[in-house]
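See structure below.
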Amino acid sequence: MIHDTTLKRQNSANEISSGVKPAQSSKAMPQSSGLADAISRHIAGERASFHTPGHKGRPQAFGKDADFVLRLDNDLTELPGLDDLSSPSGVLRNLEDRLAKLFGAHQSFLSVSGASACVMAAMMAASSVTGRILVPTNLHRSAVSGLALSKLEPVWYQPAWNADFGFFEQVDPAAIERALSESDAGALLIVSPTYGGAISDIANISAICKERGVLLIVDEAHGAHLLDPQSMPLSALSCGADIVVHSLHKTLPALTQTGVLHIAHGTRFSLDHMRGLLTCLQSSSPSYPLMASVQYMVDFVETPAGMQVLKDACAESLHLRKYAASSGRYDLYASAAIHEPLHVVLRPRFPIDLADQLQSRGVGVEANFHQSVLFMLGMGTEPADVILLLTLLAEFAERAADRNDELIEFPKYAAPPLFQQAIGLSDVFSMPSYMVPVEDAAGRICAECIAPCPPGTPVVVPGQLLTAETIAYVLQNTGIRSLRVTQNQIV
């Protein structure tokens, strides 16, 4: 076992200070179909969170005492003195100015519709400077919506593919330079960090884009915590991106559904235009508790104590990585390029449903794919969480060793086929459509975006020609058994 005595001591301390309890048996917990009861049941059963949101349910992630709560009477509307997000000039404008200073942007725009609204607004903004955009196949589904809304023509490209773990990684600057040379795309979208934590060489890609006059948009939703260049990889804003999108809840402690869009210094862009686009995409009744949580986050992260909490989370991640790398029983994913610190992907080399076994013991995980498990740490992560996880990982490995389980040899995973656009994404939504079995969809045009979340990466996109290769991939890698296709559009 690993740190077993320390684990018991820290778990006892957690029960007193933050209300975290050991997981209850699922058989002993009352079952209900109600959402509120399901939430309560989850809270009662989870001892450690390695999934979003980054606060992990702990007030300490905001630098607050254990009795801190976001109160119901904070749920207000645009009243005198509370400002208006669609045209902020008071406390909300001050909050956006603080976000810009914290992240190093020329101007930052707050979103209560998550990073998704920001990505869509960025795509729509790009349509004011170009008609074509270079987009990766590992883009978020919100970018697909942005393509449809903006009527931009996508030029698809594939980032590096990791055949061992079966997901996309960083983007090669040389490949981007070739793709830009072969197209007249005036904008480029990059996802960095990826869901697995791979970071692209944004500095070199930015230089290529600036030389060609190409607008560079970086979906950095999973990298909002890259705030300390001394101990972390550089952020996309620091590397010359024009527009950068952040989620403020994945690793940072703001509440779920908060995000921010940044315009970099020197970017040729109308700030008023961007405000108008975000206003079109967001609710006219923005949530004040959500926005207040962003202020609490900024209040804490701006301080040395808050930055230290972020650094401590990175240090805890290192403990997990070191164990997995040295255990001999787990494969640890590390990208061939730069890897950010708070996303840890590993898989067991012995027979076990790792995600299920951990969750049954009160350890929540972010995602489970190809027998690999993604653990996401955040500002709410505490040493006891990692100790619990390490203890269980060691326990599972020891049992496998006692059984003399042979080490599993995993297959190589093929990359998904590149999307083939038969018609424009925006054109699809004005066409009648109907559902067909996946097996019968070959030769037809897809009428929907299917992107299981997390991570929200599309399997098929609207306007795509559904080839036999695509159908085989969908059947082999998803549970999808029916697709919506356009009527009378057999190619």
Simple Cβ-charge dipole of the range 425-486, Lys/Arg +1 and Asp/Glu -1, about Cα centre, in debye nearest 20: 100 debye
Ranked list, fewest to most other Cβ atoms within 10 Å of each Cβ, for D353, D242, D405: D353, D405, D242
Under 5 Å, built H, 5+ apart or other chain: amide partners of W156: V135
Taking the Cα centre of the chain as origin and charging only Cβ (+1 Lys, Arg; -1 Asp, Glu), how large is the dipole, in debye to the nearest 20? 300 debye
Whole-Hz Karplus couplings 3J(HN,Hα) for the range 65-75, θ = phi - 60° and coefficients 6.51, -1.76, 1.60, Gly and Pro as x, run 6, 5, 8, 6, 9, 8, 7, 4, 6, 7, 7
Within the range 185-219, find all residues whose amide N lies under 20 Å from a label point positioned 7 Å from the Cα of A336 along Cα-to-beta-carbon. 190-206
Selection from A384, F350, A334, by position along the positive dipole direction of the range 333-388 (Cβ): F350
Just want to confirm a number: the relative contact order over the chain, from Cα pairs under 8 angstrom separated by 6+ residues, in percent. 19 percent
Give me, ordered by chain and number, the residues 5 or more places off L215 or on other chains with an amide H under 5 Å from its own placed amide H. A187, L188
Mind giving me the nanometre distance, one decimal, between the label points for A325 and Q308, set 7 Å out from Cα along Cα→Cβ? 2.6 nm
With each pseudo-label sitting 7 Å past Cα toward Cβ, what's the S482-E182 distance in nm, one decimal? 3.8 nm
Measuring from label point to label point, each 7 Å out along Cα→Cβ, what is the S284 to S360 span in nm? 5.2 nm
How about the range 424-491: which chymotrypsin sites (Phe, Trp or Tyr not before Pro) there are in a DSSP loop, with at most 16 other Cβ atoms within 10 Å of their Cβ? F429
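So what's the net charge close to L483: Lys and Arg +1, Asp and Glu -1, counting the other residues with Cβ under 13 Å from its Cβ?
0
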Place the peptides 221-227, 298-304, 120-126 in order of packing, highest mean first, counting for every residue the other Cβ atoms within 10 Å and averaging per peptide. 120-126, 221-227, 298-304
For each of L234, L354, L189, count neighbouring Cβ atoms within 10 Å of the residue's Cβ, then give the residues from fewest to most. L234, L354, L189
log10 I(q)/I(0) for the range 74-301, Debye formula on C-alpha points only (no solvent), q = 0.09, 0.12 Å⁻¹, two decimals, reads -0.34, -0.61
Residue farthest toward the positive end of the dipole of the chain, with Cβ of Lys/Arg at +1 and Asp/Glu at -1: which of H55, C118, A160? H55
³J(HN,Hα) across the range 354-369 via Karplus (A = 6.51, B = -1.76, C = 1.60, θ = phi - 60°), whole Hz, x for Gly/Pro? 4, 4, 5, 5, 5, 5, 5, 9, x, 10, x, 10, 6, 7, 9, 8
Of K56/K151; K56/K412; K101/K311; K64/K250; K210/K412; K101/K250, which ones are farther than 29 Å apart at the Cα? K56/K151; K56/K412; K210/K412
Local net charge near D228, Cβ-Cβ under 13 Å (Lys/Arg +1, Asp/Glu -1): -2
Shape call, the range 425-486: gyration tensor on alpha carbons, a/c limit 1.5: oblate
What are the DSSP H helices in the chain that stretch 24 Å or more along their long axis, judged by alpha-carbon atoms, and whose average Kyte-Doolittle hydropathy comes to at least -0.5? 304-327, 383-402
So for R0 = 41 Å, FRET eff. of D405-M435 from the Cβ-Cβ r, to 0.05, ends up at 0.40
If you plug each phi of the range 55-62 into the Karplus form 6.51 cos²θ - 1.76 cosθ + 1.60 with θ = phi - 60°, what whole-Hz ³J(HN,Hα) values come out, in order, with x for Gly and Pro? 6, 6, x, 10, x, 4, 5, 9
Using modelled amide H (1.01 Å from N, peptide plane; none on Pro or chain starts), what sits under 5 Å from the amide H of D201, excluding residues fewer than 5 places away? V171
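All of the numbers you see were taken from the coordinates with simple rules; none came from a lab. Just so you know, these numbers come straight off a predicted model, no measurement behind them. Neighbour counts run over all protein chains shown; Cβ positions are idealised from the backbone, glycine included.
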